[in-house]
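Each remark here refers to the structure printed beneath this line.
The values are calculated or read from the model by the stated rules, or taken from the named source; none is laboratory data. Keep in mind that what you see is a predicted model, and the values were worked out from it rather than measured. When we count neighbours, we look across all protein chains shown, and the Cβ atoms used for this are built from the backbone with ideal geometry, even at glycine. Ligands, DNA and RNA are stripped out before the accessible areas are found, and what is left, the full protein with its side chains, is counted by its heavy atoms. Shrake-Rupley method; radii C 1.70, N 1.55, O 1.52, S 1.80 Å.
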Amino acid sequence: GDVAFFQRLMPGRVVTGEEEVKPFNVDWLKSVRGCSQLVLKPQTTAEVSEVLRYCHERNLAVNPQGGNTGLVGGSVPVFDEIILSTALMDRIISFDKVSGILVCQAGCVLERLNEYLEEQGFIMPLDLGAKGSCHIGGNVATNAGGLRLLRYGSLRGTVLGLEVVLADGSALDCLGSLRKDNTGYDLKQLFIGSEGTLGVITAVSILCPQKPKAVNLAFLGCQSFAKVLETFTTCRAMLGEILSAYEFMDEKCMQLVESHLKLSNPVTDSPFYVLIETSGSNSTHDEEKLNNFLEQAMASGLVTDGTVATDDKKIKVLWSLRERITEALTHDGYVYKYDLSLPVGKLYDLVTDMRARLGHSAKNVVGYGHLGDGNLHLNITAESYSHSLLDAIEPFVYEWTASCSGSISAEHGLGFKKKQFIQYSKPHEAVVLMQRLKAMLDPRGILNPYKTLPWAP
Ligand SMILES: Cc1cc2nc3c(=O)[nH]c(=O)nc-3n(C[C@H](O)[C@H](O)[C@H](O)COP(=O)(O)OP(=O)(O)OC[C@H]3O[C@@H](n4cnc5c(N)ncnc54)[C@H](O)[C@@H]3O)c2cc1C
(Lines give C-alpha, C1' and ligand atoms only; values in the text may rest on other atoms or scores of the structure.)
Protein backbone atom coordinates (compact mmCIF):
# COMPACT_ATOMS: atom_id res chain seq x y z
CA GLY A 1 0.00 0.00 0.00
CA ASP A 2 2.68 2.54 0.99
CA VAL A 3 4.85 1.92 -2.06
CA ALA A 4 1.80 2.12 -4.34
CA PHE A 5 0.93 5.50 -2.83
CA PHE A 6 4.42 6.87 -3.50
CA GLN A 7 4.46 5.42 -7.01
CA ARG A 8 1.25 7.26 -7.79
CA LEU A 9 2.67 10.46 -6.30
CA MET A 10 5.97 10.37 -8.19
CA PRO A 11 5.93 7.76 -10.93
CA GLY A 12 9.38 6.51 -11.93
CA ARG A 13 11.06 8.19 -8.96
CA VAL A 14 10.49 5.51 -6.34
CA VAL A 15 13.44 3.15 -5.92
CA THR A 16 12.77 -0.28 -4.43
CA GLY A 17 15.21 -2.78 -5.95
CA GLU A 18 17.73 -4.10 -3.42
CA GLU A 19 20.75 -3.32 -5.62
CA GLU A 20 19.51 0.17 -6.51
CA VAL A 21 18.77 1.04 -2.89
CA LYS A 22 22.13 -0.25 -1.60
CA PRO A 23 24.29 2.85 -2.20
CA PHE A 24 21.75 5.00 -0.32
CA ASN A 25 22.04 2.71 2.71
CA VAL A 26 25.82 3.01 3.15
CA ASP A 27 27.65 6.18 4.19
CA TRP A 28 30.67 7.70 2.40
CA LEU A 29 33.09 6.21 4.92
CA LYS A 30 31.42 2.80 4.54
CA SER A 31 31.24 2.70 8.32
CA VAL A 32 27.48 2.50 8.88
CA ARG A 33 24.80 0.66 6.96
CA GLY A 34 21.02 0.85 7.12
CA CYS A 35 18.48 -1.52 5.61
CA SER A 36 15.96 0.77 3.98
CA GLN A 37 13.96 -0.75 1.16
CA LEU A 38 12.63 2.48 -0.26
CA VAL A 39 14.21 5.62 -1.72
CA LEU A 40 12.01 8.52 -2.82
CA LYS A 41 13.24 11.20 -5.21
CA PRO A 42 10.88 14.16 -5.14
CA GLN A 43 11.38 17.07 -7.54
CA THR A 44 9.25 19.71 -5.89
CA THR A 45 8.46 21.08 -2.45
CA ALA A 46 4.84 20.03 -2.97
CA GLU A 47 5.96 16.42 -3.40
CA VAL A 48 8.10 16.57 -0.25
CA SER A 49 5.03 17.90 1.58
CA GLU A 50 2.86 15.06 0.29
CA VAL A 51 5.46 12.48 1.32
CA LEU A 52 5.83 13.84 4.84
CA ARG A 53 2.08 14.32 5.31
CA TYR A 54 1.59 10.65 4.44
CA CYS A 55 4.52 9.44 6.58
CA HIS A 56 3.33 11.53 9.51
CA GLU A 57 -0.15 10.03 9.32
CA ARG A 58 1.19 6.51 8.96
CA ASN A 59 4.01 6.93 11.50
CA LEU A 60 6.71 6.08 8.98
CA ALA A 61 10.28 7.21 9.74
CA VAL A 62 12.10 9.29 7.12
CA ASN A 63 15.80 9.86 6.57
CA PRO A 64 16.53 13.01 4.52
CA GLN A 65 19.59 12.52 2.33
CA GLY A 66 21.62 14.91 0.18
CA GLY A 67 24.92 13.88 -1.38
CA ASN A 68 25.54 11.27 1.35
CA THR A 69 29.00 12.63 2.14
CA GLY A 70 28.31 13.20 5.85
CA LEU A 71 30.97 11.81 8.18
CA VAL A 72 28.97 11.02 11.34
CA GLY A 73 26.48 8.43 10.10
CA GLY A 74 23.59 10.92 9.94
CA SER A 75 22.84 10.52 6.24
CA VAL A 76 21.88 6.84 6.17
CA PRO A 77 19.11 4.97 7.98
CA VAL A 78 19.74 3.14 11.23
CA PHE A 79 17.00 0.61 10.49
CA ASP A 80 14.57 0.73 7.56
CA GLU A 81 13.67 4.43 7.48
CA ILE A 82 12.42 5.68 4.12
CA ILE A 83 15.21 7.60 2.38
CA LEU A 84 14.10 10.96 1.03
CA SER A 85 16.77 11.96 -1.46
CA THR A 86 17.13 15.51 -2.79
CA ALA A 87 19.05 14.27 -5.85
CA LEU A 88 16.40 15.52 -8.29
CA MET A 89 15.77 18.85 -6.56
CA ASP A 90 18.59 20.55 -8.41
CA ARG A 91 17.01 23.65 -9.95
CA ILE A 92 18.51 27.11 -9.65
CA ILE A 93 15.59 29.43 -8.93
CA SER A 94 17.23 32.84 -9.27
CA PHE A 95 20.49 34.73 -9.06
CA ASP A 96 20.77 38.48 -8.58
CA LYS A 97 24.03 39.89 -9.90
CA VAL A 98 23.77 43.12 -7.97
CA SER A 99 23.22 41.64 -4.52
CA GLY A 100 24.98 38.30 -5.17
CA ILE A 101 21.99 36.41 -3.76
CA LEU A 102 21.40 32.91 -5.10
CA VAL A 103 18.14 31.04 -4.55
CA CYS A 104 18.10 27.35 -5.43
CA GLN A 105 16.60 24.00 -4.58
CA ALA A 106 18.25 21.97 -1.82
CA GLY A 107 19.61 19.22 -4.07
CA CYS A 108 21.97 21.42 -6.11
CA VAL A 109 25.51 20.01 -5.94
CA LEU A 110 27.90 22.53 -4.36
CA GLU A 111 30.45 22.35 -7.18
CA ARG A 112 27.77 22.85 -9.87
CA LEU A 113 26.55 25.96 -8.04
CA ASN A 114 30.08 27.29 -7.84
CA GLU A 115 30.62 26.71 -11.57
CA TYR A 116 27.34 28.45 -12.38
CA LEU A 117 28.32 31.42 -10.23
CA GLU A 118 31.87 31.64 -11.60
CA GLU A 119 30.42 32.25 -15.06
CA GLN A 120 28.75 35.33 -13.60
CA GLY A 121 31.78 36.54 -11.64
CA PHE A 122 30.74 35.13 -8.24
CA ILE A 123 31.56 32.12 -6.03
CA MET A 124 29.83 30.14 -3.29
CA PRO A 125 30.77 31.35 0.20
CA LEU A 126 31.74 27.79 1.18
CA ASP A 127 34.02 25.15 -0.27
CA LEU A 128 34.90 21.67 0.93
CA GLY A 129 36.60 18.50 -0.24
CA ALA A 130 33.23 16.82 -0.86
CA LYS A 131 32.07 19.61 -3.21
CA GLY A 132 31.62 17.29 -6.20
CA SER A 133 28.90 15.29 -4.41
CA CYS A 134 27.48 17.22 -1.45
CA HIS A 135 24.22 19.14 -1.85
CA ILE A 136 23.63 22.68 -0.62
CA GLY A 137 20.71 21.36 1.46
CA GLY A 138 23.08 18.87 3.13
CA ASN A 139 25.60 21.64 3.69
CA VAL A 140 22.98 23.76 5.43
CA ALA A 141 21.57 20.78 7.37
CA THR A 142 25.07 20.10 8.76
CA ASN A 143 26.09 23.78 8.97
CA ALA A 144 29.20 22.77 7.03
CA GLY A 145 32.29 24.87 7.65
CA GLY A 146 35.02 24.03 5.18
CA LEU A 147 37.85 25.87 3.54
CA ARG A 148 36.48 29.38 3.07
CA LEU A 149 34.95 29.95 6.51
CA LEU A 150 37.94 32.02 7.66
CA ARG A 151 37.11 34.58 4.98
CA TYR A 152 33.36 34.44 4.38
CA GLY A 153 32.09 33.27 7.77
CA SER A 154 29.68 30.47 8.63
CA LEU A 155 26.43 29.53 6.89
CA ARG A 156 24.66 31.07 9.86
CA GLY A 157 25.62 34.41 8.35
CA THR A 158 25.51 33.72 4.62
CA VAL A 159 22.25 31.76 4.47
CA LEU A 160 19.57 34.45 4.17
CA GLY A 161 16.52 32.25 3.91
CA LEU A 162 15.26 28.68 3.85
CA GLU A 163 12.19 26.84 2.73
CA VAL A 164 11.55 23.85 4.97
CA VAL A 165 8.93 21.12 5.03
CA LEU A 166 8.03 20.19 8.59
CA ALA A 167 7.37 16.69 9.89
CA ASP A 168 3.60 16.97 9.38
CA GLY A 169 4.05 17.99 5.75
CA SER A 170 3.39 21.71 6.14
CA ALA A 171 5.78 23.96 4.24
CA LEU A 172 7.47 26.83 6.06
CA ASP A 173 8.40 29.63 3.68
CA CYS A 174 11.29 31.56 5.24
CA LEU A 175 13.01 31.89 1.89
CA GLY A 176 13.66 35.61 2.24
CA SER A 177 16.60 37.33 0.59
CA LEU A 178 17.19 40.15 3.03
CA ARG A 179 20.51 41.03 4.62
CA LYS A 180 18.69 42.56 7.54
CA ASP A 181 15.43 41.31 9.04
CA ASN A 182 14.73 41.52 12.76
CA THR A 183 11.07 40.60 12.72
CA GLY A 184 10.61 38.00 15.43
CA TYR A 185 12.71 34.90 16.00
CA ASP A 186 15.08 33.91 13.20
CA LEU A 187 13.53 30.50 12.56
CA LYS A 188 15.88 29.50 9.76
CA GLN A 189 18.71 29.27 12.31
CA LEU A 190 16.89 26.37 13.96
CA PHE A 191 17.18 24.31 10.79
CA ILE A 192 20.79 25.22 10.00
CA GLY A 193 22.82 22.40 11.55
CA SER A 194 19.73 20.40 12.60
CA GLU A 195 20.88 17.37 10.56
CA GLY A 196 17.48 16.48 9.15
CA THR A 197 15.87 16.04 12.56
CA LEU A 198 13.56 19.09 12.54
CA GLY A 199 12.47 19.46 8.93
CA VAL A 200 13.44 18.82 5.32
CA ILE A 201 15.18 21.79 3.72
CA THR A 202 13.79 22.19 0.20
CA ALA A 203 15.27 25.52 -0.93
CA VAL A 204 18.05 27.86 0.13
CA SER A 205 18.72 31.56 -0.33
CA ILE A 206 22.39 32.36 0.10
CA LEU A 207 24.63 35.41 -0.16
CA CYS A 208 27.56 34.84 -2.52
CA PRO A 209 30.76 36.87 -2.71
CA GLN A 210 32.34 38.20 -5.91
CA LYS A 211 34.87 35.89 -7.49
CA PRO A 212 38.25 37.25 -6.42
CA LYS A 213 40.29 38.53 -9.38
CA ALA A 214 43.57 37.40 -7.91
CA VAL A 215 44.13 34.17 -6.00
CA ASN A 216 47.54 33.10 -4.70
CA LEU A 217 48.49 30.03 -2.78
CA ALA A 218 51.56 29.36 -0.68
CA PHE A 219 52.42 25.86 0.50
CA LEU A 220 55.03 26.00 3.25
CA GLY A 221 57.01 23.69 5.51
CA CYS A 222 57.38 24.45 9.25
CA GLN A 223 59.66 22.74 11.77
CA SER A 224 57.27 22.80 14.75
CA PHE A 225 53.64 23.46 15.64
CA ALA A 226 54.75 26.57 17.54
CA LYS A 227 56.07 27.86 14.21
CA VAL A 228 52.77 27.01 12.50
CA LEU A 229 51.04 29.25 15.07
CA GLU A 230 53.56 32.05 14.77
CA THR A 231 53.32 31.91 10.99
CA PHE A 232 49.54 32.32 11.38
CA THR A 233 49.82 35.45 13.53
CA THR A 234 52.46 36.91 11.22
CA CYS A 235 50.46 36.26 8.08
CA ARG A 236 47.27 37.62 9.63
CA ALA A 237 49.10 40.81 10.47
CA MET A 238 50.87 41.13 7.11
CA LEU A 239 48.17 39.88 4.72
CA GLY A 240 45.19 41.44 6.47
CA GLU A 241 41.99 41.40 4.45
CA ILE A 242 43.33 39.30 1.57
CA LEU A 243 43.95 36.18 3.70
CA SER A 244 41.26 33.68 2.69
CA ALA A 245 42.44 30.32 4.08
CA TYR A 246 44.98 29.03 6.57
CA GLU A 247 45.08 25.24 6.71
CA PHE A 248 47.62 22.93 8.29
CA MET A 249 48.60 19.27 8.05
CA ASP A 250 51.27 17.19 9.78
CA GLU A 251 53.94 15.03 8.13
CA LYS A 252 51.86 11.85 8.60
CA CYS A 253 49.10 13.36 6.44
CA MET A 254 51.65 14.13 3.75
CA GLN A 255 52.94 10.54 3.89
CA LEU A 256 49.38 9.25 3.46
CA VAL A 257 48.52 11.38 0.41
CA GLU A 258 51.90 10.46 -1.09
CA SER A 259 51.62 6.72 -0.52
CA HIS A 260 47.88 6.14 -1.09
CA LEU A 261 47.09 8.77 -3.74
CA LYS A 262 50.51 9.15 -5.37
CA LEU A 263 50.51 12.92 -4.92
CA SER A 264 53.91 14.50 -4.56
CA ASN A 265 55.22 16.77 -1.85
CA PRO A 266 56.23 20.06 -3.52
CA VAL A 267 58.56 21.10 -0.67
CA THR A 268 61.26 19.51 1.49
CA ASP A 269 59.99 17.00 4.06
CA SER A 270 58.92 18.88 7.20
CA PRO A 271 57.09 17.99 10.43
CA PHE A 272 54.25 20.42 9.50
CA TYR A 273 52.87 22.07 6.40
CA VAL A 274 50.66 25.10 6.03
CA LEU A 275 48.57 26.20 3.12
CA ILE A 276 47.90 29.92 2.87
CA GLU A 277 45.47 31.32 0.33
CA THR A 278 45.01 34.98 -0.52
CA SER A 279 42.05 36.31 -2.48
CA GLY A 280 41.89 39.89 -3.59
CA SER A 281 41.11 42.25 -6.42
CA ASN A 282 44.58 43.38 -7.47
CA SER A 283 47.16 40.74 -8.33
CA THR A 284 50.20 43.05 -8.19
CA HIS A 285 49.17 44.36 -4.80
CA ASP A 286 48.39 40.86 -3.45
CA GLU A 287 51.60 39.29 -4.75
CA GLU A 288 53.65 42.08 -3.24
CA LYS A 289 52.02 41.56 0.14
CA LEU A 290 52.45 37.79 -0.05
CA ASN A 291 56.10 38.09 -1.09
CA ASN A 292 56.87 40.48 1.76
CA PHE A 293 55.28 38.05 4.17
CA LEU A 294 57.18 35.07 2.72
CA GLU A 295 60.50 36.92 2.89
CA GLN A 296 59.92 37.73 6.53
CA ALA A 297 58.74 34.20 7.38
CA MET A 298 61.82 32.70 5.72
CA ALA A 299 64.25 35.23 7.19
CA SER A 300 62.97 34.69 10.72
CA GLY A 301 63.06 30.90 10.37
CA LEU A 302 59.28 30.42 10.77
CA VAL A 303 59.19 28.63 7.47
CA THR A 304 61.99 26.49 6.06
CA ASP A 305 60.78 25.80 2.53
CA GLY A 306 57.85 26.76 0.37
CA THR A 307 56.27 27.08 -3.04
CA VAL A 308 53.80 29.61 -4.41
CA ALA A 309 51.11 29.17 -7.06
CA THR A 310 49.28 31.86 -8.98
CA ASP A 311 47.88 29.89 -11.91
CA ASP A 312 44.69 27.84 -11.59
CA LYS A 313 46.28 24.52 -12.39
CA LYS A 314 49.04 24.67 -9.81
CA ILE A 315 46.61 26.10 -7.25
CA LYS A 316 44.37 23.03 -7.72
CA VAL A 317 47.35 20.67 -7.38
CA LEU A 318 48.45 22.27 -4.12
CA TRP A 319 44.90 22.40 -2.71
CA SER A 320 44.45 18.69 -3.45
CA LEU A 321 47.24 17.84 -0.99
CA ARG A 322 45.05 19.22 1.76
CA GLU A 323 41.58 18.43 0.36
CA ARG A 324 42.30 14.77 -0.33
CA ILE A 325 43.58 13.81 3.13
CA THR A 326 40.11 12.47 4.08
CA GLU A 327 40.19 10.24 1.00
CA ALA A 328 43.78 9.08 1.63
CA LEU A 329 42.83 8.07 5.17
CA THR A 330 40.13 5.71 3.92
CA HIS A 331 42.86 3.78 2.06
CA ASP A 332 44.85 3.36 5.26
CA GLY A 333 42.44 1.02 7.04
CA TYR A 334 39.62 1.57 9.52
CA VAL A 335 39.43 5.28 10.46
CA TYR A 336 38.40 6.70 13.84
CA LYS A 337 37.48 10.32 13.03
CA TYR A 338 37.31 13.29 15.38
CA ASP A 339 36.45 16.86 14.43
CA LEU A 340 37.17 19.19 17.33
CA SER A 341 37.10 22.89 18.13
CA LEU A 342 39.95 23.70 20.49
CA PRO A 343 41.84 26.77 21.69
CA VAL A 344 44.21 27.19 18.77
CA GLY A 345 47.36 27.16 20.91
CA LYS A 346 46.51 23.69 22.25
CA LEU A 347 45.25 22.25 18.99
CA TYR A 348 48.13 19.89 18.33
CA ASP A 349 48.71 18.82 21.97
CA LEU A 350 45.77 16.46 21.60
CA VAL A 351 47.42 14.71 18.63
CA THR A 352 50.69 14.34 20.54
CA ASP A 353 48.91 13.06 23.66
CA MET A 354 46.83 10.61 21.65
CA ARG A 355 49.88 9.29 19.81
CA ALA A 356 51.67 8.68 23.12
CA ARG A 357 48.59 7.07 24.64
CA LEU A 358 47.91 4.64 21.79
CA GLY A 359 51.50 3.70 20.95
CA HIS A 360 51.66 0.78 18.53
CA SER A 361 48.00 -0.17 18.89
CA ALA A 362 47.19 2.45 16.21
CA LYS A 363 48.58 2.40 12.70
CA ASN A 364 48.62 6.18 12.25
CA VAL A 365 47.53 9.12 14.38
CA VAL A 366 47.30 12.24 12.23
CA GLY A 367 46.29 15.85 12.71
CA TYR A 368 45.21 18.44 10.15
CA GLY A 369 42.52 21.01 9.76
CA HIS A 370 41.22 24.52 9.55
CA LEU A 371 43.76 26.09 11.90
CA GLY A 372 42.49 29.59 11.23
CA ASP A 373 39.13 28.51 12.70
CA GLY A 374 40.57 26.55 15.66
CA ASN A 375 39.32 23.30 14.10
CA LEU A 376 41.38 20.11 14.39
CA HIS A 377 40.67 16.94 12.44
CA LEU A 378 42.20 14.14 14.50
CA ASN A 379 42.18 10.81 12.71
CA ILE A 380 43.39 7.45 13.93
CA THR A 381 43.76 4.48 11.62
CA ALA A 382 44.10 0.75 12.30
CA GLU A 383 44.19 -2.33 10.05
CA SER A 384 40.64 -3.11 11.14
CA TYR A 385 38.03 -2.00 13.66
CA SER A 386 38.95 -2.88 17.23
CA HIS A 387 36.78 -2.35 20.26
CA SER A 388 39.74 -2.12 22.62
CA LEU A 389 41.32 0.62 20.50
CA LEU A 390 38.03 2.52 20.55
CA ASP A 391 37.98 2.20 24.35
CA ALA A 392 41.46 3.67 24.49
CA ILE A 393 40.37 6.65 22.37
CA GLU A 394 36.93 7.35 23.84
CA PRO A 395 35.95 8.92 26.16
CA PHE A 396 39.54 10.19 26.56
CA VAL A 397 39.29 12.37 23.43
CA TYR A 398 36.01 13.91 24.61
CA GLU A 399 37.22 14.46 28.18
CA TRP A 400 40.38 16.11 26.85
CA THR A 401 38.28 18.39 24.63
CA ALA A 402 35.82 19.25 27.41
CA SER A 403 38.69 20.03 29.80
CA CYS A 404 39.64 22.98 27.62
CA SER A 405 36.04 23.96 26.84
CA GLY A 406 36.28 22.80 23.24
CA SER A 407 33.57 21.31 21.04
CA ILE A 408 33.43 17.58 20.27
CA SER A 409 32.02 18.41 16.84
CA ALA A 410 33.30 21.55 15.17
CA GLU A 411 31.63 21.09 11.79
CA HIS A 412 30.59 17.51 11.01
CA GLY A 413 27.62 17.38 13.39
CA LEU A 414 26.63 14.57 15.76
CA GLY A 415 24.62 12.31 13.47
CA PHE A 416 24.38 8.74 14.68
CA LYS A 417 27.96 8.29 15.84
CA LYS A 418 28.41 11.20 18.23
CA LYS A 419 24.94 11.94 19.59
CA GLN A 420 25.54 10.22 22.92
CA PHE A 421 28.53 12.49 23.60
CA ILE A 422 26.71 15.82 23.32
CA GLN A 423 27.00 16.36 27.09
CA TYR A 424 30.74 16.94 26.74
CA SER A 425 29.96 20.17 24.90
CA LYS A 426 26.48 21.21 26.05
CA PRO A 427 24.96 21.52 29.55
CA HIS A 428 22.08 19.26 30.53
CA GLU A 429 19.53 22.11 30.39
CA ALA A 430 20.51 22.87 26.79
CA VAL A 431 20.09 19.23 25.74
CA VAL A 432 16.66 19.08 27.44
CA LEU A 433 15.56 22.25 25.62
CA MET A 434 16.74 20.76 22.32
CA GLN A 435 14.70 17.62 23.05
CA ARG A 436 11.63 19.77 23.77
CA LEU A 437 12.06 21.64 20.49
CA LYS A 438 12.38 18.34 18.65
CA ALA A 439 9.22 17.01 20.34
CA MET A 440 7.32 20.17 19.40
CA LEU A 441 8.35 20.20 15.74
CA ASP A 442 8.28 16.45 15.22
CA PRO A 443 5.93 15.02 17.88
CA ARG A 444 5.92 11.55 16.34
CA GLY A 445 9.69 11.45 15.97
CA ILE A 446 9.59 10.46 12.29
CA LEU A 447 12.40 12.75 11.05
CA ASN A 448 15.84 11.17 11.10
CA PRO A 449 15.19 9.27 14.33
CA TYR A 450 18.13 8.03 16.47
CA LYS A 451 20.28 10.98 15.28
CA THR A 452 21.80 14.13 16.79
CA LEU A 453 20.15 14.04 20.23
CA PRO A 454 20.32 11.36 22.91
CA TRP A 455 17.03 9.60 23.50
CA ALA A 456 14.58 11.59 25.64
CA PRO A 457 12.91 9.39 28.27
C1 LIG B 1 36.08 14.37 1.40
C2 LIG B 1 35.18 15.06 2.38
C3 LIG B 1 35.53 16.32 2.86
C4 LIG B 1 34.70 16.99 3.76
N5 LIG B 1 35.07 18.22 4.20
C6 LIG B 1 34.26 18.89 5.05
C7 LIG B 1 34.62 20.19 5.51
O8 LIG B 1 35.67 20.73 5.17
N9 LIG B 1 33.76 20.83 6.32
C10 LIG B 1 32.58 20.26 6.73
O11 LIG B 1 31.83 20.90 7.47
N12 LIG B 1 32.23 19.02 6.34
C13 LIG B 1 33.04 18.32 5.51
N14 LIG B 1 32.69 17.06 5.10
C15 LIG B 1 31.45 16.45 5.61
C16 LIG B 1 30.25 16.57 4.63
O17 LIG B 1 30.64 16.63 3.35
C18 LIG B 1 29.45 17.80 4.88
O19 LIG B 1 28.88 17.70 6.14
C20 LIG B 1 28.34 18.07 3.83
O21 LIG B 1 27.87 19.33 4.13
C22 LIG B 1 27.19 17.07 3.79
O23 LIG B 1 26.37 17.33 2.65
P24 LIG B 1 25.57 16.16 1.92
O25 LIG B 1 24.67 16.75 0.88
O26 LIG B 1 26.47 15.09 1.47
O27 LIG B 1 24.65 15.65 3.11
P28 LIG B 1 24.36 14.15 3.57
O29 LIG B 1 25.61 13.46 3.90
O30 LIG B 1 23.46 13.49 2.60
O31 LIG B 1 23.54 14.43 4.91
C32 LIG B 1 24.15 14.99 6.05
C33 LIG B 1 23.08 15.26 7.11
O34 LIG B 1 22.19 16.27 6.66
C35 LIG B 1 20.85 15.78 6.55
N36 LIG B 1 20.29 16.34 5.32
C37 LIG B 1 20.81 16.26 4.06
N38 LIG B 1 20.05 16.96 3.20
C39 LIG B 1 19.03 17.50 3.92
C40 LIG B 1 17.91 18.33 3.61
N41 LIG B 1 17.68 18.76 2.38
N42 LIG B 1 17.08 18.68 4.63
C43 LIG B 1 17.29 18.26 5.89
N44 LIG B 1 18.33 17.48 6.24
C45 LIG B 1 19.19 17.10 5.27
C46 LIG B 1 20.97 14.27 6.55
O47 LIG B 1 19.83 13.67 7.10
C48 LIG B 1 22.20 14.05 7.42
O49 LIG B 1 21.86 14.08 8.77
C50 LIG B 1 33.50 16.37 4.20
C51 LIG B 1 33.16 15.10 3.73
C52 LIG B 1 33.98 14.44 2.83
C53 LIG B 1 33.55 13.09 2.34
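Placing a pseudo-label 7 Å from each Cα along the Cα-to-Cβ vector at Glu57 and Met440 gives an inter-label distance of 2.7 nm. Normalised by residue count, the chain yields a Cα convex hull volume of 150 Å³ per residue.
The accessible-area ordering, largest first, of the residues Met298, Met238 stands as Met298, Met238, per a 1.4 angstrom probe.
Separation of segment 197-230 from segment 263-291 is 14 Å, based on Cα centroids. Surface composition of segment 2-85: carbon plus sulfur atoms hold 50% of the accessible area, using a 1.4 angstrom probe and ignoring ligands, DNA and RNA.
Subtracting the Cα-Cα distance of Lys313 and Asp2 from 0.36 nm times their residue separation leaves 106.9 nm of extension gain. Only protein heavy atoms count here; under a 1.4 Å probe, Phe225 has an accessible surface of about 20 Å². Can you give me the Cα centroid spacing of segment 401-441 and segment 22-92 in angstrom? Between the Cα centre of segment 401-441 and that of segment 22-92, the gap is 23 Å. Ordered by 1.4 Å accessible area with all protein chains kept, Arg53, Arg33, Arg91, Arg13 run largest first as Arg33, Arg91, Arg53, Arg13. Which angle between 0 and 90 degrees, to the nearest 10, do you get for helix 283-299 versus the longest principal axis of the chain when only C-alpha atoms count? Once rounded, one gets 60 degrees. Using a probe of 1.4 angstrom and keeping all protein chains present, the accessible surface of the chain works out to 43 square angstrom per residue.
The share of C-alpha pairs in segment 332-424 whose separation exceeds 23 Å stands at 17 percent. Considering only Cα atoms, the convex hull volume of segment 80-228 works out to 161 Å³ per residue. Taking amide H atoms as placed 1.01 Å from N in the peptide plane, the amide H of Leu38 lies under 5 Å from those of Ile83, each 5 or more residues away in sequence or on another chain. Surface composition of segment 254-382: carbon and sulfur make up 49 percent of the accessible area, probe 1.4 Å. The angle between the Cα long axis of helix 225-239 and the longest principal axis of the Cα atoms of the chain comes to about 90 degrees, rounded to the nearest 10. With the whole protein complex present, Ser425 retains an accessible surface near 40 Å², based on a 1.4 Å probe. For the cross-link pairs Lys262/Lys314; Lys211/Lys316; Lys30/Lys188; Lys363/Lys419; Lys188/Lys418; Lys363/Lys418, the ones whose C-alpha atoms lie over 21 Å apart are Lys30/Lys188; Lys363/Lys419; Lys188/Lys418; Lys363/Lys418. Can you pull the Kirkwood radius for segment 214-325, inverse mean 1/r over Cα pairs, to one decimal in Å? For segment 214-325, the Kirkwood estimate is 13.9 Å. Between Ser224 and Glu288, the FRET efficiency from the beta-carbon distance, with R0 = 25 Å, is close to 0.30.
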